[in-house]
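Structure, as structure tokens:
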Amino acid sequence: MVYTLDDDDVILSAVRVPKLQQLPAFADLLTTYMERTGIGDTELARRIPVSRPTLIRWKEGVTTRPRYREDVVRCAELLLLTPEERDEFLLAAGFSPDTPPIPEETSAIATIPEAASPETPVSTEIVAVPPAPTAPSEEPPDLPRASFLRRWGLRLGLLAASLLIVVLVAVFVTFVVLDRTVYPVASPGEALIVLAPFVNYTAGQQGFNVPGRLKEEIDREVHAAGISGVSTVEWPKRIHEESEAEAAGSLADAMLVIWGEYDSGRVIARFTVPDSRSEQHDQQVVDIASTPSELPATINIGLTEEVRYVALLTLGQLHLEQGEYDLAKAALIRALTKPPADPSALANLRFNLGLAYRGGRKADFDIAIWLFSQVLSTDPDSVEAYNSRGLTYLDRGERGDVELALADLERALDIEPDRAATYLNLAVAYIERGGRDDLKRAITDLDKALDLNPDYASAYVNRSAAYIARGEPDDLDRAFDDISMALEIQPDLASAHVGLGNAYLNRSLPGDLELALGEFSSAIDLDAAYARAYFNRGLVHSELENLGSSVSDLRRAQGLKPTDVTFNNTLCWQMAVTGDPENALRFCNIAAAQDSSGRTLDSRGFTHALLGEYDKAVADFERFLVWTETSSKESCAAYFHPSRSEWIEELRAAQNPFDDQRLIDMRIRPIPFGEAPC
């Protein structure tokens, strides 16, 4: 990575960097050292401690790099490695060594000479090269050395290292060893926007304080949007290229770096989101002025008008990552008031606004779908937009939405066949449709997702759900195995705990209700805004006849997703059962307004009957029975017709069909996958 040095910085000579040796694979080293020590898989896994399957994946190279450095350090201790072997072991696992080598004189900094000979390869990166690795041996071997341009007196040992380690060392050398400049760093919980001085190519003419004007405008917009926890700072040095912007953003732990250049006829502003913040965010560029006479006015007026949306867009993305959907909307709507002229930039803004409308208490799926459709009108090959629109169709849940979701997700897969997340989303849609062939296809798609990403915890969770829904012999055992793998890979994954709770509910052994209750509570502890965990826990409380706790959890679920049809419909029924039909009716009406099919009218008819509004109850029950005739399951009408027809007859005779004991028996009950009548 090249970082331009100011005049007062130390500039060392160009050096040739020999080709690095290949670092042994972590799996090979682990196997070699275990054989040498004689320790077995089970014993080593127990003493690290990790699970035995995790250790096996390390040895077989399925997991090429362990997740935690301390596990590798502990493993090295148990395998009695020498310091040199331990450092090589850490490097192979993708971590920094304990004792990085120190060159005898100074680290070599590679810069580009004015005229480099084509026969002499010259590094274009700042490189501190460590010594080359050695094979394990009883005695630590001498480290090989290489001479570089003796007229400068530089000697530097070589150690094979991955490119990632080299780059990290290079950044360290650039910003820490050679540079005495004080750089701003984000405080804990702070969203930092870095503005670097723009490079001036006006041949000595008047310079302009571009970052100062940008800072003023961005601060004003952030304040107007009501967004807190955001700071803008000016970077002490100019930035000339993307790699320098990445380095600055990483050093400052910034969420956005704004940099650029200007001359007598143009201003170009560039925006970089560090890799640590976003994996899908490309550099954005705004080209402003076109003639010399426009330059001063452009810098003072036009530039801030064009680029402030980028800062607000990035703030919106940060809020999305934190689940703060209303704050994300505030930032993104402010950006949309003066949208960017570039069609791709506008599409990016609409995409993020679609994500904001899809989530949170005030979700509006229709607006989100419209926004994703606008993105696709600009970029018809956007895999992200097809995935997001498909999932939003599933969230909305109207008649025909599952088919629309499947079409979008299949299209995303056609465009990019090797994306694991698309296979997972497609499987979710097939599980939602729920036919036997659909479940088979869902499992196949999740198998493909795991082939592409063996550590994809969410894929294991969803395959577990597909196994449970399919219900073939041994499928429940397969489901438990998948959930165990998901929790091993990601113990703090809330959906895995919900999946385990669902598996217990379907197993239905003595004590499984309590185990399920505990797993749903664990999911809530990990994610206090997990509506499905509250909903499922409410069903278990109802089964255990803890009706007060059941209503409380169902209320929490509905509060987190106020427009969800299932949550409103279930809460309405349970509140009516527990003696509060007056307040229950509001949730019945919300469900009925969201779903015109008639399936929610059973709960509202039941509530009207308890309120003594018999004519309204009969009307709702009759419309509900019409809906059961349209269900794809033949069992639906057969299950509901006898009881509802009897209720209708009694209500027409002005009789209340429900006594207290019957109400207790009519409480909401969890239904195992595959056993729902409709």
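Only the coordinates and a few stated rules stand behind these numbers; no lab work does. Just so it is clear, the structure is predicted and the values come from calculations on it, not from any experiment. Counting neighbours? That spans all protein chains shown, and the Cβs are built from the backbone with ideal geometry, glycine included.
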Practice prompt. Jot down the radius of gyration and Dmax of the stretch 563-678, Cα atoms only, both in angstrom.
Written response: 13.3, 38
Worksheet item: Which whole-Hz ³J(HN,Hα) couplings does the stretch 440-455 yield from phi under the Karplus relation 6.51 cos²θ - 1.76 cosθ + 1.60, θ = phi - 60°, glycine and proline marked x?
Response: 4, 5, 4, 5, 4, 5, 6, 4, 5, 4, 6, 5, 6, 9, x, 9
Worksheet item: If R0 is 51 Å, what FRET efficiency do you get for Asp580 and Asp481 from their C-beta distance, rounded to 0.05?
Response: 0.75
Worksheet item: Which FRET efficiency value, to the nearest 0.05, is calculated for Glu514 and Met666 with the Förster distance at 35 angstrom and r the Cβ-Cβ distance?
Response: 0.90
Item to complete: Would you mind checking which residues have amide H under 5 Å from Glu324's amide H? H placed 1.01 Å from N; only 5 or more apart, or other chain.
Response: none
Discussion item. Residue by residue through the stretch 375-384, what is 3J(HN,Hα) from phi via Karplus (6.51 cos²θ - 1.76 cosθ + 1.60, θ = phi - 60°)? Round to whole Hz and write x for glycine and proline.
Written reply: 4, 5, 5, 8, 10, x, 10, 7, 4, 4
Worksheet item: So, in nm, how far is label Val185 from label Glu398 when the simple model puts each one 7 Å beyond its Cα toward the Cβ?
Response: 5.2 nm
Item to complete: Evaluate the distance, in nm, between pseudo-label points positioned 7 Å from the Cα of Lys633 and of Glu241 along their respective Cα→Cβ axes.
Response: 6.2 nm
Discussion item. Counting just the Cα atoms, what span does the stretch 447-575 cover along each of its three principal axes? Round to the nearest Å and put the largest first.
Written reply: 45, 30, 24
Worksheet item: Tell me which lysines have Cα within less than 16 Å of Lys440's Cα, excluding those fewer than 8 residues away on the same chain?
Response: Lys448
Item to complete: Counting only C-alpha contacts under 8 Å and six or more residues apart, can you give the relative contact order of the stretch 563-678 as a whole percent?
Response: 24 percent
Fill in: Vicinal HN-Hα couplings computed from phi for the stretch 605-621 (Karplus, 6.51 cos²θ - 1.76 cosθ + 1.60; Hz; Gly/Pro x)
x, 4, 5, 4, 4, 5, 7, x, 9, 5, 5, 5, 5, 4, 4, 5, 4
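Apply 1/(1 + (r/R0)^6) to the Cβ-Cβ distance of Arg436 and His641, taking R0 = 35 Å, and write down the FRET efficiency to the nearest 0.05.
Working: r = 25 Å, r/R0 = 0.70.
So the FRET efficiency works out to roughly 0.90.
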Worksheet, complete the sentence: Gyration tensor (Cα only) of the stretch 524-625 to equivalent ellipsoid, semi-axes in Å sorted down, yields 25, 15, 10
Worksheet item: Any idea how far apart Asp474 and Ala593 come out in nm if each label point goes 7 Å out from Cα toward Cβ?
Response: 5.1 nm
